[in-house]
Amino acid sequence: LIQNEDIQRLDVRTLAEYSEGHITKTININVMDDSFASMADSLLRKDKPVAVYCRSGNRSKKAAAILSEKGYKIFELDKGFNSWQEAGKEIEKCSENVRERRACGNCEGGGQSRTKEHLNFQILFLYL
């Protein structure tokens, strides 16, 4: 399901975790950030399902509850990114200087880096 191009992919881990590796074509919004709900509303579409994942599945449950309450159709990646990686599925890794440049050299080709106002909310990439 998460590989379906019609599904919005949401990584709810920290920026540091996301930089170390993530599923391709994902949006990164840290669920522990106070602005999570408002950022989700500004970046996600309610008319398209959202596949949510974190490292092991705990934080994604929190994100799923918040987003479901707001009217999104949510699917969770069973056992999180760890299980995805252990299964040998494709991932992307950001370049080492991602924090200085605020853009991922490895990821830039597949999507677009966000504007400064989005970066202020710790959003790196939006792939739709």
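No value in this document is a laboratory result; all are computed from the given coordinates. Not measured: the values here are computed from a predicted model. Here the Cβ positions follow ideal geometry from the backbone for every residue, glycine too, while neighbour counts run over all protein chains shown.
Going by average Cβ neighbours within 10 Å, how do the peptides 24-30, 9-15, 73-79 rank, with the highest at the top?
Ranked from most to least packed, the peptides come out as 9-15, 24-30, 73-79.
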For the pair Asp47 and Asn82, what calculated FRET efficiency results from E = 1/(1 + (r/R0)^6), where r is the Cβ-Cβ distance and R0 = 35 Å, to the nearest 0.05? 0.70
What net charge do the residues around Phe75 carry, taking every other residue with its C-beta under 13 Å from that of Phe75, with Lys and Arg at +1 and Asp and Glu at -1? +1
Give the long-range amide H neighbours of Phe75: residues separated by 5 or more places, or on another chain, with amide H under 5 Å away, using H modelled in the peptide plane at 1.01 Å from N. Val50, Ala51, Val52
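Going down the list Lys48/Lys70; Lys25/Lys89; Lys70/Lys93; Lys25/Lys46, which pairs span over 23 Å between their C-alpha atoms? Present the calculation step by step, with values, prior to reporting the outcome.
On the way: Lys48/Lys70 13 Å; Lys25/Lys89 14 Å; Lys70/Lys93 31 Å; Lys25/Lys46 18 Å.
Too far apart for the 23 Å limit: Lys70/Lys93.
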How much net charge surrounds Arg55 when only the other residues with a Cβ under 14 Å from the Cβ of Arg55 are counted, with Lys and Arg +1 and Asp and Glu -1? -1
